[in-house]
Amino acid sequence: MNVNLGVNVGSLELRNPVMPASGCFGYGKEYAEYYSLNQLGAVVVSGTTLEPRLGNKTPRVTEVTAGMLNAIGLANPGIDAVIQDELQWLAKQDVPIIVNVSGDSVEDYCRVVEKVCASGLAQAIELNVSCPNVALGGIAFGVDKKVLRNLVESVKAHCTLPLIVKLSPNVTRIQDLAVAAAEGGADALSLINTLIGMQIDLKARKPVLANRTGGFSGRAIKPVAVRMLHDVAKEVDLPLIGMGGIYSGKDAIEFVMVGASAIMVGTANFTDPFACPNIIKEIAEWMEREGIKNLEEIRGCAL
């Protein structure tokens, strides 16, 4: 039996549902040495800001039980360099490009989104709303309903591409933030971003990371991510992209069964550069065994 891996995330058509998560794949050049990027559903590039950023002090990555902590601090060369040096190359790889956008202010987000849209090189925008809003004393955009809705509304007015909002799990009810993003005009939602964690160096008697805390990702967070996507799917009628602890085709299928149209693979890319193509293969093999011709047949079946 032939299976159809093609999926739609709103108006975005993908040849399969698998894409690397932002920050876990750079801009694709290193992974292109291992396989053709056009095997992927899309490439989500690292978080991009208006101006270049060096990121946080080191150490800023550490392995923990069943995962990792990172506090990279959005290190990137800035949107102008990303367009010139990264997106120009990536646009030749025959794979949809999703640009993850970050900022310290609503104005920063809007300016970066304008530049991405004007470049004609990307197929969608993903908003990283876990960034601190400097004007509000450092509160993250994605943890306050009114702040999030205002950000999405403002960006939407400058965006000519499908707008995906990446939700933070570090809230009491993630579905409330999902509703706020939908009301602001989001075309799709991706979830979850990293949880906040910490690891202590027993010899030094202080946190391992220079930033003290970092984003916790990896296998351990999958049950939390599946539950949160399930909760959002029951309250918001938008395409959803699931992520968090996906290491296999079966992991990916779990997210589809609770409502995901597509999935993103993060930390797994660091331990296995072939993680994404392997997961695509495993999804197809599972569909063959189960007699599933199209993922739409099972999407949301566990809701």
Go through the stretch 271-281 and count every residue that is modelled with pLDDT of 95 or more and more than 16 Å from residue 242 (Cβ to Cβ).
6
For the list (1) of a type outside the set (A, V, I, L, M); (2) part of a strand (DSSP E or B); (3) at pLDDT below 95, I need the number of the one condition that residue 104 fails.
(2)
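Surrounded by fewer than 23 Cβ atoms within 10 Å (Cβ to Cβ) and either in a loop (DSSP other than H, G, I, E, B) or touching a helix residue (DSSP H, G or I) at 6+ places or on another chain (Cβ under 7 Å) (or both): which single residue out of 161, 148 fits that description?
Only one candidate passes the filter, namely 161.
Would a scan of the stretch 192-204 turn up a residue that is surrounded by fewer than 22 Cβ atoms within 10 Å (Cβ to Cβ), under 26 Å from residue 124 (Cα atoms) and out of contact with any His (no Cβ under 6 Å at 6 or more places or on another chain)? Before the answer, list the steps.
First pass over the stretch 192-204, keeping only residues surrounded by fewer than 22 Cβ atoms within 10 Å (Cβ to Cβ): 195-204.
Checking which are under 26 Å from residue 124 (Cα atoms) leaves us with 195.
From the residues that got through so far, the ones that are out of contact with any His (no Cβ under 6 Å at 6 or more places or on another chain) too are 195.
Scanning the stretch 192-204, I find at least one residue that is surrounded by fewer than 22 Cβ atoms within 10 Å (Cβ to Cβ), under 26 Å from residue 124 (Cα atoms) and out of contact with any His (no Cβ under 6 Å at 6 or more places or on another chain), so the answer is yes.
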Just one of 134, 179 is surrounded by fewer than 23 Cβ atoms within 10 Å (Cβ to Cβ) and modelled with pLDDT of 95 or more; which is it?
179
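Is one or more of the residues making up the stretch 175-194 of a type in the set (S, T, N, Q) and free of Cβ contacts under 8 Å to residues at least 24 places away in the same chain?
Looking only at the stretch 175-194, we keep the residues that are of a type in the set (S, T, N, Q), and these are 175, 190, 193-194.
When the remaining residues are screened for being free of Cβ contacts under 8 Å to residues at least 24 places away in the same chain, the result is none.
So far as the stretch 175-194 goes, no, none of its residues is of a type in the set (S, T, N, Q) and free of Cβ contacts under 8 Å to residues at least 24 places away in the same chain.
One residue is enough: does the stretch 39-46 have a residue meeting the conditions farther than 20 Å from residue 268 by Cβ and touching a Pro at 6+ places or on another chain (Cβ under 7 Å)?
As a first pass, look at the stretch 39-46 and keep what is farther than 20 Å from residue 268 by Cβ: none.
No, that holds for no residue.
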Does the stretch 19-37 contain any residue that is under 30 Å from residue 198 (Cα atoms), of a type in the set (Ser, Thr, Tyr), within 20 Å of the chain's Cα centre (by Cα) and in a helix (DSSP H, G or I)?
yes
Need the failing condition index for residue 158 against (1) in contact with a Cys (Cβ under 6 Å, 6 or more places away or on another chain); (2) within 17 Å of residue 25 (Cβ to Cβ); (3) not hydroxyl-bearing (Ser, Thr, Tyr), just the number.
(2)
If residue 217 meets every condition in (1) buried (at least 20 other Cβ atoms within 10 Å of the Cβ); (2) more than 14 Å from the chain's Cα centre (by Cα); (3) of a type in the set (Gly, Ala, Ser) apart from one, which number is that one?
(2)
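In the stretch 293-303, how many residues are touching a helix residue (DSSP H, G or I) at 6+ places or on another chain (Cβ under 8 Å) and either without any contact (Cβ under 8 Å) to a residue 24 or more places away in the chain or not in a helix (DSSP H, G or I) (or both)?
Here is the first cut: in the stretch 293-303, the residues touching a helix residue (DSSP H, G or I) at 6+ places or on another chain (Cβ under 8 Å) are 293, 295, 298-303.
Pick out the ones that are also either without any contact (Cβ under 8 Å) to a residue 24 or more places away in the chain or not in a helix (DSSP H, G or I) (or both) and you get 293, 298-303.
Residues flagged as touching a helix residue (DSSP H, G or I) at 6+ places or on another chain (Cβ under 8 Å) and either without any contact (Cβ under 8 Å) to a residue 24 or more places away in the chain or not in a helix (DSSP H, G or I) (or both) within the stretch 293-303 amount to 7.
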Within the stretch 216-238, is there a residue that is free of Cβ contacts under 8 Å to residues at least 60 places away in the same chain, of a type in the set (Gly, Ala, Ser), touching a helix residue (DSSP H, G or I) at 6+ places or on another chain (Cβ under 8 Å) and on the phi < 0 side of the Ramachandran plot?
yes
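The values are calculated or read from the model by the stated rules, or taken from the named source; none is laboratory data. Bear in mind that the values here come from a model prediction, so they are computed numbers and not experimental data. All Cβ positions, even for glycine, are placed from backbone atoms using ideal geometry, and neighbour counts span all protein chains on display.
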